[in-house]
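What follows is a set of notes on a single structure, which appears directly below.
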Amino acid sequence: MNVIFWLVGTLVVVLGPIILIHELGHFIFAKLAGVRVEEFGFGFPPRLLKLWHGKGYLEIGTTRVTIPAGLRSPPRLEVGTRVDAVAQQLDDDTYILRHLTVLDSDAEYREHASETAHEDLHLRGELTTLEAGTLYSLNLLPMGAFVKMTGEEDPSDLRSLAAQPKRWRVAIMAAGPLLNIIVAFMLLVGAYTTGFPDRWLVEVTSVEPGTAAEEAGLQPADVILAVGGERIEDGMEQLRSIIRAAPEQTVELMVLRGEETLTLTATPRSTPEGYGLLGIMMAPWPDRSALRHYSLPEALSAGTTDITAAILMTVQVPALLARGDMTPQEARPASMVGISEILAISLQQSIEWGLAFRVLQTASLISLALGLTNLLPLPALDGGHILFVLIEAVRGRRISPRYEQIFHSVGLVILVSLMAWVMFQDLINPIIPWSLLR
């Protein structure tokens, strides 16, 4: 239950907003391009609630009437139906809808036609155009958002995505990933400005039975400050180096336990290779006395360096795997489960440490990974749609919408199958042991 609490909480609080930002990029540029956005959903279906409709318009005969945001349309409303509309004329001689009724029969039509208009305008007749406005919905699965646009592959509708100029189609598809990359940079800048430790201590996460650590009295949650008079400043690597160099030698450990500082004596056991072994599982712990708050220019510079290094590392992964400089385990893809687990550990550490940088840093890397992955020229991804636009630009004519739809549909099935397999692997062979979510 504790694991589920952390995974679901992280999904809603951290990962969900990262996905929401991605879809918001698509949404904003689709609106700028004039593409009909049929629905912007918070979370993934099934749908729970229709929150509201955005601003739209309809035409009765040749008269255009604006549908204000939030006005509920009657059921069975579609082009060709007969309607009775009550509209208010504005100062700019446009009309805004106040009430709309669908007329089912000739008798009802005649009854409505005999009504007095008063100060409002009554429009009665056949609905010739309907642009209902974007539906904003709340959905069951709290995993970000989705954008439903008209005709992603079919250009027959002038307001469809596929009917837009090439530059707009590329901009709409690229906007989500690029916004993720921008947000990744902003999160890193925030991580550095909120405070970044220059020195690292070591937290004991577990003690192996029958080892030098147990004999010395070390306990989980102890923070090791110094060993043999040498202050720990470089975290786990420094501690590991000191202990490995002291087999069967007595060393003093300065330990922080709660609010109390203790001095313990330990004699690391000798391994068959002749190295010292203390017998603990450990994790990094920030030295709050060495917390550095970066200025904005320093944070911008550090964030730029980190983002550049992460992008270069991502590009170099195939070559590193081929040379054997990176193991398949280190390069394994992560599903929603694995990503949530990594974020949950980071959120937990930020709460324990009282420092925001860890979760901001991890969220930044996840946002960057989401942006870069979606730019890959693969079916069903944003990069796959961009690839078709680039092919169209080179050929001088577009690929058949039918073939494009088949390409993305088959690719989506393959992609979902692969992600299901990765998710299964993340469940049975987690990237980080589940026991760390405490």
Quick check: the angle from helix 16-33's long axis to the longest principal axis of the chain, C-alpha only, nearest 10 degrees? 30
For residue 98, enumerate residues with amide H under 5 Å from its amide H, sequence gap 5+ or separate chain, H modeled in the peptide plane. 86, 87, 88
Check residue 52: other-chain or 5+ apart residues with amide H under 5 Å from its amide H, H built from backbone geometry? 136
Computed E for residue 52/residue 12 - FRET, C-beta separation, R0 25 angstrom, nearest 0.05: 0.70
Percent antiparallel among DSSP beta bridges with both residues in the chain, to the nearest 5? 90
Acute angle (nearest 10 degrees) that the helix 401-428 long axis makes with the longest principal axis of the chain, alpha-carbon atoms: 30
Surrounding charge for residue 67, neighbours by C-beta under 12 angstrom, Lys/Arg +1, Asp/Glu -1, total +2
Measuring from its Cα centre, the chain shows a charge dipole (+1 at each Lys and Arg Cβ, -1 at each Asp and Glu Cβ) which, in debye to the nearest 20, is 960
Hey, what do the phi angles of region 237-244 turn into as Karplus ³J(HN,Hα) couplings, whole Hz, using 6.51/-1.76/1.60 and θ = phi - 60°, x for Gly and Pro? 4, 5, 4, 4, 5, 5, 5, 4
Taking the Cα-to-Cβ direction at residue 101 and at residue 31 and moving 7 Å from each Cα, how far apart do the two end points lie in nm? 3.4
Among 11, 321, 300, which one shows the highest mean-square fluctuation when the chain is modelled as a Gaussian network with alpha-carbon springs under 10 Å? 321
Phi to ³J(HN,Hα) by Karplus 6.51 cos²θ - 1.76 cosθ + 1.60 over region 80-87, Hz, x for Gly, Pro: x, 7, 8, 9, 10, 10, 10, 10
Just going by the charge dipole of the chain, with Lys and Arg at +1 and Asp and Glu at -1 on Cβ, which of 387, 321, 365 is farthest out on the positive end? 387
Cα lying deepest toward the dipole's positive end in the chain, options 339, 45, 171, charges on Cβ: 171
Residues meeting the amide H criterion for residue 143 (H placed from the backbone, H to H distance under 5 Å, 5 or more places apart or on another chain) are 43, 44
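Rounded, prolate or oblate: which fits region 252-353, taking a ≥ b ≥ c as square roots of the Cα gyration tensor eigenvalues, rounded meaning a/c under 1.5, else prolate when a/b beats b/c? List each step's numbers first, then the result.
Numbers: a/c = 2.03, a/b = 1.30, b/c = 1.56.
It is oblate, given that a/c is not under 1.5 and a/b is not larger than b/c.
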Pairs of alpha-carbon atoms within less than 8 angstrom and 6+ residues apart define the contacts here; what relative contact order does the chain have, in percent? 18
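FYI, it's all coordinate maths here, none of it is from the lab. The shown structure was predicted, so the numbers you read here are calculated from the model rather than taken from an experiment. Glycine gets a Cβ as well: all are built from the backbone with ideal geometry, and neighbour counts include every protein chain shown.
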